[in-house]
1. Only bridges with both residues in the chain count here: give the DSSP antiparallel percent, nearest 5.
2. Quick one: with all protein chains in place, what share of the accessible area of the chain is carbon or sulfur, to the nearest percent (1.4 Å probe)?
3. List the relative contact order of segment 249-331 as a percent without decimals, with contacts defined as Cα pairs under 8 Å and 6+ residues apart.
4. What percent do you get for the relative contact order of the chain when only Cα pairs under 8 Å and 6+ apart count?
5. Skip the ligands, DNA and RNA, and give the accessible area per residue of the chain with a 1.4 Å probe, whole Å².
6. When the Cα centres of segment 89-113 and segment 135-177 are compared, how far apart do they sit, in Å?
7. May I ask you to derive the FRET efficiency for Asn43 and Gln99 from their Cβ-Cβ distance with R0 = 22 Å, giving the value to the nearest 0.05?
8. Net charge around Arg176, counting only other residues with Cβ within less than 11 Å of its Cβ (Lys, Arg = +1; Asp, Glu = -1)?
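The values are calculated or read from the model by the stated rules, or taken from the named source; none is laboratory data. From a predicted model like this one, the values you see are computed outputs, not experimental measurements. All Cβ positions, even for glycine, are placed from backbone atoms using ideal geometry, and neighbour counts span all protein chains on display. Accessible surface areas use protein heavy atoms only, side chains included; no ligands, DNA or RNA. Shrake-Rupley method; radii C 1.70, N 1.55, O 1.52, S 1.80 Å.
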Amino acid sequence: MRRPTLEAVATRAGVSKSTVSRVVNGEPTVASDIRDLVMRAVNDLGYIPNPAARSLVTRRTDSIAVIVSDPSAGLVSDDPMFSTVVRAASREFEAAGKQVMLMLAGSDDARVRARQFVAARHVDGVMLVSMHGADPLPAALAATGVPLVSHGRPTFRLDVPWVDNDNTGGAAQAVRHLLERGRRRIATISGPLDMSAAQDRIGAYREVLSETGRRSIVAIGDFTRISGAEAMAQLLEDDPALDAVFAANDLMAIGAMRALRQAGRRVPDDVAVVGYDDIEAALYTDPPLTTVRSPMGEQAAASARLLLGLLRGEPAAPVTLPTQLVVRESS
């Protein structure tokens with residue numbers, strides 16, 4: 001069977017081809033009764049618009065790129081929060097009739113390809129995930145003029161709207177909780193310091209400790225389990241008397257708990273542990289992990305809605321979502 005044409009729809013509806021074109025391309029200038037007439041003809045004939053032709057008329061692709069700009073493959077493959085972000089954002093985009101394209105830009109070549117793809121207007125907008133301070137991609141994408149939002153606050157000056165959770169407030173809650181439980185030598189395992197979340201969380205840790213005259217005890221990880229275990233071993237070597245640790249995410253906290261068991265330290269009797277994110281695995285550690293619940297799914301959905309608003313020409317401003325301390329047996 002021949003594919004129904006625009007002309008066939010126009011003949012069935014008794015209107016011009018240009019009117020059919022305006023209707024199927026979503027232009028608001030067509031009267032509602034004419035729109036209903038055209039859509040009945042579209043449905044009767046099974047007409048499917050040509051996406052290439054439609055794109056030429058509307059200058060839209062109805063596609064969104066979710067670009068993960070992270071040099072560490074482990075964060076993408078190991079962190080359960082990544083799938084939460086992708087699912088939540090995709091639901092918002094798909095509900096708005098947008099196709100989602102996931103692009104991993106962890107190498108220089110991949111970043112160049114991502115910039116070229118966006119600059120060629122193959123997508124209507126970009127949601128950028130997991131930015132690092134020295135990454136040239138955000139500025140390169142912003143220069144293309146394609147609408148762009150950041151899932152997470154950028155670490156550098158860039159006029160791009162963003163959505164983040166209250167990393168500072170959440171980390172402060174975690175450290176104050178440990179102080180309230182009587183812990184006195186509180187260490188932290190920070191994430192990569194070229195990421196805004198890690199900067200905010202370690203900054204809050206230091207600020208709360210300074211308020212009580214206590215010194216900071218810091219090791220740096222990369223948000224993975226193995227880095228948490230290695231950092232915890234380093235902390236125990238540097239300060240065997242520490243009695244608590246705040247890890248900047250749950251994966252590092254889980255790694256830290258393993259290192260503590262291997263060192264013969266009981267959690268929480270000898271060393272209390274608090275994480276950040278409240279991933280599902282936090283419920284099943286031994287003991288269950290006290291953590292800061294960050295609304296990662298809500299953050300991703302809000303980032304998607306912010307981008308969809310930009311595509312509609314709406315103004316955009318940064319958004320910060322609240323966090324919540326979830327107390328379990330590890331502290």
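1. Numbers: 3 of 38 bridges.
Given both bridge residues lie in the chain, the antiparallel proportion sits at roughly 10 percent.
2. Values: 7940 of 15570 Å².
C and S atoms contribute 51 percent here.
3. Working: 109 pairs, mean separation 28.0, N = 83.
Over segment 249-331, the number comes to 34 percent.
4. Numbers: 625 pairs, mean separation 53.6, N = 331.
After rounding, I find 16 percent.
5. Values: 15570 Å² over 331 residues.
In whole numbers, the chain has 47 Å² accessible per residue.
6. Their Cα centres are 17 Å away from one another.
7. Numbers: r = 22 Å, r/R0 = 1.00.
Once rounded, the FRET efficiency stands at 0.50.
8. Details: positive: Arg181, Arg183; negative: Glu180, Glu207, Glu211.
Value of the local net charge: -1.
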